[in-house]
1. Could you go through segment 19-32 and let me know if any residue there is of a type in the set (A, V, I, L, M, F, W, C) and in contact (Cβ under 8 Å) with a residue 12 or more places away in the chain.
2. Just give me the residues in segment 1-33 being assigned to a helix (DSSP H, G or I) and either β-branched (V, I, T) or in contact with a His (Cβ under 7 Å, 6 or more places away or on another chain) (or both), in sequence order.
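No lab work stands behind these numbers, since they all come straight from the coordinates. Everything numeric in this text was worked out from a predicted model, so none of it was measured. Methodologically, a virtual Cβ is constructed for each residue, glycine included, from the backbone with ideal geometry; neighbour enumeration extends over all protein chains shown.
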Amino acid sequence: MEDLNTRMGYLRGLAEGLGINDDTREGKIINQIISVLDDIVDSVETMKEDYDELFSYVEAIDEDLTDLENDFEDAEDAEDDEDDEDDEDDFDDEEDEDEDEDDGDYDVSFTVECPECRQEVIIDEDILEDEESLEVLCPNCGRVVFINDEEWEEELEGTEKEDDKEGE
């Protein structure tokens, strides 16, 4: 395919060969069209050069990123290998830690779904045991999703009583 500059040169030569000049209305229009097309060709050529430069730059960035990813993966693999060796040495220590955790001291939490945005909000046991009245807000929309007060405790006790009646 011929490049645009060659085709524009042919078009200008064709217009001159046909004797199109600015003496007639049609000649003025055709010459202006050729002038506008010439400007467009120059812009396209400039954009093509810029594109080629950017493409080369992006390829260089991609190569650098690939090198960094490989270095990072190699570092992670080396770290995992070290951790695996440490895990084998500390196997007996982990069993002792597991036994200590069996004391029944577990963090209790539950989730509440926000009625407005449907995001799940985690409520920790610490909030339930707090003496003060607290409101838990949805981190997404800011709506109150839980209130730790006496009314909540009464509702909880009422629900437990209803569950006991249903179980009988």
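1. yes
2. T6, I29, I30, I33
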